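A short write-up of the structure that comes next.
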Amino acid sequence: MSSVQIRDVRKSFGNFEVLHGVTIPIEDGEFVVLVGPSGCGKSTLLRMLAGLENITSGTISIGDRVVNNVQPKERDIAMVFQNYALYPHMTVADNMGFSLKLRGAKQEEISTRVKRAAEILALTPLLERYPRQLSGGQRQRVAMGRAIVRDPQVFLFDEPLSNLDAKLRVAMRTEIKELHQRLKTTTVYVTHDQIEAMTMADKIVVMHDGIVEQMGTPLELYDTPANQFVAGFIGSPAMNFLKGKLKSNGSAGFEGPNGVKLPLKTAPANSDGQPAVYGVRPEHFTIADDGAEAEIIVVEPTGSETQVFAKLGGEQVVAVFRERHQFSPGDKIRLKPDPSLVHLFDETTGKRLNG
Amino acid sequence: MADIAITPAKSQIREASSWDQLKHNRNWLGFWFMVPAMAFLILFLAYPLGLGIWLSFTDTKIGRVGQFIGYENYEWLWDDAIFWLSVFNTLLYTFVASAIKFGIGLYLALLLNENMPFKALLRAAVLIPFIVPTVLSALAFWWIFDSQFSIISWSLKHLGLINENINFLGDTTWARICVIFANIWRGVPFVAITLLAGLQTVSPSLYEAATLDGASRWQMFRHITYPLLTPIIAVVMTFSVLFTFTDFQLIWAMTRGGPVNATHLMATLSYQRAIIAGQLGEGAAIASAMIPFLLAAIMVSWFGLQRRKWQQGENND
């Protein structure tokens, strides 16, 4: 186990720069999730960490050693690929023991370590099977087993759950998290699924267009997103954004689209009349007499909660209620955002305005 | 009233005749779809093969219908030194040429699978020997190996390495080397392109995983590329052996079996005895004598081609 330091790392393919100076400190034993939309550079960064891509500039160090020019096999890392990359002509046991075999380990040592890893992952009855004879979830576990056997400094996961069906994905999520709690190996996990990021990470790194938008614990990112991109990316359903003007003369407030009055706890100083974006999470709406009038378009009950799509000041917003209201499309309701949980963003830069 | 209403309807439904059932039988229909292909195979493969085997048991000559003479042709061949020489030549030709074709073909395939400039152009260029009609390339080789005008002799002489022309097609050893060389030149593209196709089915992520597992380039070839390629190697080498074993055109155009029968293959000897000398029965016996060898090659591939254990099971990756 060891820490990983990514310092001002850039990556270009020809003249096209995909990573524009990324700095991420990763502590020993930490579970870090790189999350972002497709093409944000997260997988490229992971592959650079593994040594499968060159580093154009900047440094990556594992432990105290800068690994820019260190061969992948010397980096002491193990990676789980999206398509598992299991060797089809080797049994599960051979797949797991391959790296040890290449390093010239003794047959007994290989089989003890493979057996131990197989026990951890409940793969013991499958050791003599070939990858084709396994289900998707089992293959996924074999891929993890191959990583565990080596007892590496760092685990790398490249979207490992995206080939699984929804139910299995949730189960494997828990399994990976549990595995990390047990082995405490530094882990870097790439995904485009913010739920995976939220549920598994010690630290989330939100990436977008080759830069780090924000880094922090899942709840920090949820409670105080640094900008509009992170605010919209983290949380499901996504945060509602309403454009309008700040009011700070007298009591603080916000004038939304078509003059809708929205509550605000405090406005930034000297901001009267300044255009801004008002962000409110669907779960932070309540029904109140002093709320803004909205017309219901669609009601989607999921059992545990109800999602309500409504027009507020001409803009579509979504609100989530845990209590059961008797709503039907066309109804007029009064929606009130919780003023203490409202987010304000700069209209042009998207930066967060309130603390 | 009810009875009257029902009766006429009843009379319209008749029992389906066996002809009706046959018309709707998918197997029956399938059989008729197969008939044209079957007819072709019987007419152009099974019938000539059967006729050849039948002729080998007769004393048929050109212009004379033969009589059944049992194994007499084979008994003759058993004591015929030239026949045994042709068997030796054929085996030598097949094994040496196939082994070298496999080596060079695999090497070229690995090379062409790498990322390099003009990849598409190079891949196309490799196919050229395969596209040129055999007789034309044989004629070109004939000139290249000519005793007087050989470009190889000319070049070596000008480099001062030899003083006299090499008698390529006149010397028994040289002649064998030359025809094997020509066969390799012609056969390598087939092996290379087929193996290249096989290489491209190997997922690049396996190599990435192996890189992280610490495999060197040689270990990747040894533990990943080669085992994953074995099924396609079995196919391509079976075909290569069959094509080489039955080769006729190249030899006939370059040496006609000479000098002193040193390059006579079973196919060329059969042609010479049957068509040139007119001994159809004896020629057919030589051709039929190839069958056990070919069957042996097919048996080898039959076992080589069986699905390996790791290929079984569902394929949903």
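Please treat every number below as a calculation from the coordinates, not as lab data. Just so it is clear, the structure is predicted and the values come from calculations on it, not from any experiment. Positions of Cβ are generated from backbone atoms using ideal geometry, with glycine treated the same way; all protein chains shown enter the neighbour counts.
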Inset, instruction - Just grab the label-to-label distance for A:S162 and B:T201, each label 7 Å out from Cα along the Cβ direction, in nm (one decimal). - result: 2.6 nm
Inset, instruction - Please give, to one decimal in nm, the separation of the simple spin-label points placed at B:Q148 and B:Y74, each 7 Å out from Cα toward the Cβ. - result: 4.8 nm
Inset, instruction - Under 26 Å Cα to Cα from A:K261, which lysines show up? Leave out anything in the same chain fewer than 8 places away. - result: A:K243, A:K245, A:K247, A:K311, A:K332, A:K336, A:K351
Legend entry - Choice from A:T44, A:T187, A:T124 with maximal GNM fluctuation in chain A (Cα, 10 Å cutoff): A:T124
Inset, instruction - Please report A:K265, B:K101 as a ranked list, fewest other C-beta atoms within 10 angstrom at the top and most at the bottom. - result: A:K265, B:K101
Inset, instruction - Diagonalise the Cα gyration tensor of the protein assembly as shown and give the resulting equivalent ellipsoid semi-axes, square root of 5 times each eigenvalue, largest first, whole Å. - result: 73, 38, 25
Legend entry - Gap separating the Cα centres of the range B:45-80 and the range B:137-198, nearest whole Å: 36 Å
Inset, instruction - Filter the DSSP H helices in chain B by two things, a Kyte-Doolittle mean of at least 0.0 and an axial alpha-carbon span of 30 angstrom or more, and list the hits by number. - result: B:81-112, B:172-200, B:280-305
Legend entry - Relative exposure of A:V205, A:V70, judged by other C-beta atoms within 10 Å (fewest first): A:V70, A:V205
Inset, instruction - Output the Kirkwood hydrodynamic radius of the range B:73-307, Cα pairs only, in Å rounded to one decimal. - result: 19.9 Å
Inset, instruction - For B:K23, list the lysines whose Cα falls under 26 Å from its own Cα; do not include residues on the same chain fewer than 8 positions away. - result: B:K10
Legend entry - Residues with amide H under 5 Å from that of A:L344, placed H, sequence gap 5 or more: A:G279, A:L353, A:N354
Inset, instruction - Distance between Cα centroids, the range A:300-355 to the range B:223-273: provide it in whole Å. - result: 78 Å
Inset, instruction - Calculate how steeply helix A:166-183 sits against the longest principal axis of the alpha-carbon atoms of chain A, using the helix alpha-carbon long axis, and give the answer as 0 to 90 degrees to the nearest 10. - result: 60 degrees
Legend entry - Residues of the range A:56-98 with amide N under 20 Å of the 7 Å Cα→Cβ point at B:S216: A:70-76, A:98
Inset, instruction - Please give, to one decimal in nm, the separation of the simple spin-label points placed at B:R256 and B:V96, each 7 Å out from Cα toward the Cβ. - result: 2.3 nm
Legend entry - Most mobile listed residue (B:T173, B:T90, B:T211) in chain B, GNM with C-alpha springs under 10 Å: B:T211
Legend entry - Order of B:I131, B:I275 - criterion: other Cβ atoms within 10 Å of each residue's Cβ, fewest first: B:I131, B:I275
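Checking a compactness column here: for the range A:4-232, what do you get for Rg(Cα) / (2.2 N^0.38 Å), N being the number of residues?
1.02
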Inset, instruction - Counting helices only, and only those DSSP H runs with n ≥ 4, report the 222 nm mean residue ellipticity of chain B as the sum of -39,500 (n - 2.57) divided by its residues, in deg cm²/dmol to the nearest 500. - result: -21000 deg cm²/dmol
